[in-house]
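See structure below.
Each value in this text was obtained by applying a stated rule to the coordinates, not by laboratory testing. Computed from a predicted structure; not experimentally measured. We place every Cβ from the backbone using ideal geometry, glycine too, and count neighbours over all the protein chains shown.
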Amino acid sequence: MNVAVLVFPGSNCDIDCYKAVEHTIRQPVEYVWHQATDLSKFDLILVPGGFSYGDYLRCGAIARFSPVMEEVRKAAEAGKYVLGICNGFQILLESGLLPGAMRRNNSLKFKCAPTTLEVANNDTAFTRDYAAGEKIQIPIAHGEGNYYCDDETLARLEANRQIVFRYSGENPNGSVADIAGITNERGNVLGMMPHPERAVDTLLGSSDGKRMFTSVLTAWRGTAHGAATAGR
Ligand SMILES: NC(=O)CC[C@H](N)C(=O)O
């Protein structure tokens, strides 16, 4: 499985994502600069966290105009896997690849802390290695993670089981329905505020993020392209 880690001016979790791929699934992984115009060889695209364009205007609002985002849209349409983490989630929202929007944390403070998530849907390519309802420890680090959508969108997210992670116990940012991560309708694009790439080894405080990477690899191996190329 070929993995791309996108890099925008101001990304700062790109190296963590790259290392997490190496550490968990040992698949070929490359950094891809935001001006790239061809992502066709990649099976999984990681949109990492950070402060793209200094968070000016709104987090992700400028990065969404980077040339590579048109390629991410094409990849998503082709059914490739796209995982946006934190600023990556914000960029996917700003791009319209996922529904809803981000507001500043209700505390108006940047929060960096371990959080407990409930796996609200383990029937996705990204969460199949978790148990339904499992509680996992994944850290957050954001100032603008207060996910918002209108009632109609929320009803649709609930009906289609697009809410994949919810904060369990304390909600750190005030997000609607305790949402921590959602997918698109098709389930091949996932955005989440917590950082699974920072939780891939007990040395980091938790290894609960590891199964997101193993899940996608297993899902990809189940696709026609994955079955044909896996093990090469
Ligand atoms: N870790 C991150 O990706 C942070 C995202 C964004 N800069 C925020 O503060 O909300």
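Considering Cα pairs under 8 angstrom that are at least six residues apart, work out the relative contact order of the chain and quote it in whole percent. Once normalised by length, the contact order is 20 percent.
Of all beta bridges that DSSP places with both ends in the chain, some 60 percent have antiparallel geometry.
Residues considered: LEU97, LEU83, LEU204. Largest GNM mean-square fluctuation over the chain, using C-alpha springs under 10 Å, is found at LEU204.
Ranked for footprinting exposure by Cβ neighbours inside 10 Å, fewest first, TRP33, TRP220 give TRP33, TRP220.
Counting charges near ASP55 (Lys, Arg +1; Asp, Glu -1) among other residues having Cβ under 11 Å from its Cβ returns a value of +1.
Comparing THR218, ALA159, ASN184 along the charge dipole axis of the chain, the residue lying farthest to the positive side is THR218, per the Cβ-charge model. Build a GNM of the chain with springs between Cα atoms under 10 Å apart, and of GLY209, GLY133, GLY49 the one that fluctuates most is GLY133. Under 17 Å of direct C-alpha separation, and excluding same-chain neighbours fewer than eight residues apart, LYS74 reaches these aspartates and glutamates: ASP38, ASP43, GLU94, GLU185.
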